[in-house]
Each structure stands twice: as C-alpha cells, then as structure tokens.
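Have a look at the structure below, then the notes.
The values are calculated or read from the model by the stated rules, or taken from the named source; none is laboratory data. It should be emphasised that the depicted structure is a prediction, and the values quoted were computed from it without experimental measurement. Neighbour counts are summed over all protein chains in view; Cβ atoms, including those assigned to glycine, are modelled from backbone coordinates with ideal geometry. With ligands, DNA and RNA removed, areas are computed over all heavy atoms of the protein, side chains included. Shrake-Rupley method; radii C 1.70, N 1.55, O 1.52, S 1.80 Å.
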Amino acid sequence: MGATLVVAEIQKGAVREASFELAAFARKLGEPVMSLLIGSGISDLAAGFAGRGGGRTWFADDPALANYNVDGWTAAILAAVSASGAETVLLSNTPCGWDVAPRIAAALDAGFVSDVFDYRDGRYRRRVFNGKLDAEVSCSAERAVATVQPGAIAPFEGASEGAAEALPVELGALRARFVETREAEARGVDLTKADIIVSGGRGVGDPEKFGEVIEPLADALGGAMGASRPVVDAGWLPHEYQVGSSGQIVTPKLYIACGISGAIQHLVGMKGANYIIAINKDADAPIFEVAQLGVVGDLFEVVPALTEAVKAAKG
C-alpha cells in the first residue's frame with residue numbers, strides 16, 4: 001500500500017494552520033500519512049507536527065531553505081517522495097503550492113489536480129466555472145499531486161503517532177535567491193479564522209450603513225464583518241472584507257448574510273459555513289437556497305432588532 005505525503009508550510013516561525021488541515025485531509029485518502037517540513041532550524045517544528053497529525057515527519061533543514069525557493073523545495077519534496085514511497089503528494093493551495101506542485105507532478109509523471117476541496121470514493125472534488133459546478137477528478141497515473149483549498153476541512157485535532165527525522169537533500173546550485181520580504185500594511189481581519197461572520201451586500205444601500213447596521217451586530221456576536229463583491233467593487237469596503245471565489249473562502253460556525261442576493265461567486269466563498277442565516281426582502285433571492293434559516297424582511301428593521309436581542313441576552 002502506498003502513502004500520502006503532506007508538504008507542510010512554515011510561516012513566521014510556525015507551521016501554517018492550512019498544513020494541519022492537510023493532515024486531516026490526507027486521512028480521507030485512506031493511506032498511511034507521512035509529512036515533510038522544509039526550512040532552517042526546524043527540528044522542533046517537525047517534531048510538533050509529527051505529533052499533531054503529521055505522522056512520520058521528515059524535515060529538510062538547510063540555511064539555503066530558510067526562505068521559500070522553488071528549486072530547493074522541488075529537491076526536498078522529491079527526496080521525501082523517494083524516502084516515503086508516497087503515491088500521493090498533498091500541498092496547500094497557496095502561492096508556494098501553486099508554484100512548486102506542477103513541477104513535482106511533471107518530475108514524477110504524476111496526475112495533477114489543483115484547488116481541491118474534498119475527496120470521496122476515490123475521486124478529488126474541485127469547483128469549476130467560477131464555482132458554478134463541482135467536478136470529480138480521478139488520476140489514472142501511478143502517482144498524484146494535489147493542492148487543497150485552505151479552509152476546505154477542519155484542521156487535525158488531537159495527537160498522532162509519529163517522529164521527526166532529518167532528510168538529507170542534495171540541493172545543488174539554486175537558480176533563484178531570496179532578496180527580501182515586504183509585507184503590506186495589515187488591515188481588517190483574517191476572515192478565514194473567524195467563527196462568526198456578519199456580511200453585507202449592495203442591499204445595505206450605502207457604505208455608512210455598514211458601520212451603523214452590520215458592524216454592530218458583528219461586534220455584539222463577537223464576530224467579524226464581511227462583504228460581497230459588489231460592495232468591494234463599489235469601494236465601500238477594502239478587498240480584505242470580501243467573501244467569495246475572488247475574495248476569501250470562509251467556513252465559520254455562523255454566517256449571517258444581510259442584503260446579499262447570493263450570486264454564485266459569493267456562495268462559493270461561504271456555503272461551507274456550519275450554519276447560515278440569510279436576511280433579504282426578496283423571497284426569491286438565491287441566498288435562501290443555501291441558508292438554514294431565512295428571514296424575508298427589511299434588514300434595517302431585522303438587523304438592529306437582532307443586535308439589541310443579542311446584547312440583551314448577553315446582559
């Protein structure tokens with residue numbers, strides 16, 4: 001029986017949450033799970049990941065790998081595939097994954113599936129045509145390489161058996177070199193980490209109403225505020241608030257959509273929420289098709305009343 005190799009990522013000195021999601025996703029494939037971490041001075045991180053879903057975990061540790069380098073990562077992943085005998089390689093659908101995954105697939109003559117969100121009955125599932133359809137993809141090649149959407153599955157929780165082991169890698173001459181990291185000024189919130197999101201659409205009417213109606217409910221619930229694409233396109237809120245296929249894919253415990261009709265682009269970004277409440281005066285709005293609870297009414301009456309009810313319940 002083959003194995004599944006999880007390629008974990010390190011960000012700001014810690015293993016990315018998406019990598020723990022990969023560890024959970026890997027178990028859906030029904031094969032033994034092994035992992036790889038790439039970086040410099042990462043033995044402790046590798047040991048921690050091994051005990052939280054990574055299983056037997058190799059780490060490629062070299063000063064030249066302190067920052068992402070596609071040639072270095074390619075060499076390390078191929079070395080880990082050889083050491084593990086893996087038939088499947090999983091990476092997060094992140095900029096690093098986008099860059100290196102096709103190279104790994106080409107080097108292994110493997111099937112390649114990108115932007116996966118589920119695996120059932122031997123097939124990967126991914127969304128196509130801007131989320132209008134779900135495609136089921138199977139690989140006929142002996143090996144498969146897949147990138148998995150961050151947020152598509154809950155991260156691995158609990159403990160797992162596994163130990164960290166150094167992986168010798170022959171890096172050779174790296175054609176690229178790291179120059180510097182520049183970070184944009186942090187604004188807004190990371191909606192992918194929010195348990196509760198209250199989003200507004202064009203039905204909110206104007207940008208000032210977000211601060212007057214939508215944000216108070218989000219604050220009362222201890223959640224975050226989001227928005228649909230038309231709101232962001234109109235310049236009412238910055239892009240980091242956008243939920244949807246061209247914004248953030250979110251899976252909160254509770255999602256409240258206010259004045260959002262439910263265009264497919266938005267539904268792609270939030271229909272994985274555990275519980276969805278839709279508030280819209282149009283009874284035929286597509287958002288009601290994915291909502292567990294629908295309120296047909298004027299959001300300017302419903303939302304403030306809900307906000308006061310939440311505050312009263314909290315005392």
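Here the calculated FRET efficiency for A176 and A312, from their Cβ-Cβ distance with R0 = 45 Å, stands at 0.20, rounded to the nearest 0.05. In the context of the full set of protein chains, the stretch 11-50 has a per residue accessible area of 38 Å² (1.4 Å probe).
Heavy-atom accessible area, probed at 1.4 angstrom with all protein chains present, ranks S140, S82 as S140, S82, highest first. If you plug the beta carbon distance of A163 and K28 into 1/(1 + (r/R0)^6) with R0 = 25 Å, you get a FRET efficiency near 0.60. The peptide list 255-268, 107-120, 64-77, put in order of mean Cβ contacts within 10 Å with the highest first, becomes 255-268, 64-77, 107-120. Close Lys pairs in the stretch 185-315 (alpha-carbon distance under 21 Å; sequence gap of 8 or more, or different chains): 8.
Beta-bridge orientation, the chain: approximately 20 percent antiparallel, per DSSP, counting only bridges with both partners inside. Here the stretch 177-299 is treated with +1 on each Lys and Arg Cβ and -1 on each Asp and Glu Cβ, and its dipole about the Cα centre works out to around 360 debye. With protein chains left intact and a 1.4 Å probe, residues in the stretch 202-301 average 43 Å² of accessible area per residue. Using a probe radius of 1.4 angstrom, the carbon and sulfur fraction of the accessible surface of the chain is 49%.
FRET efficiency for the pair K281 and R125, taken as 1/(1 + (r/R0)^6) with r the Cβ-Cβ distance and R0 = 41 Å, rounds to 0.75.
Take each peptide in 41-51, 191-201, count the other Cβ atoms within 10 Å of every residue, and average; sorted highest first, the result is 191-201, 41-51. Here the spin labels are modelled as points 7 Å beyond Cα on the Cα-Cβ line, and at L133 and L293 they lie 3.6 nm apart.
About its Cα centre, the chain has a charge dipole of approximately 300 debye under the convention of +1 per Lys or Arg Cβ and -1 per Asp or Glu Cβ, with nothing else charged.
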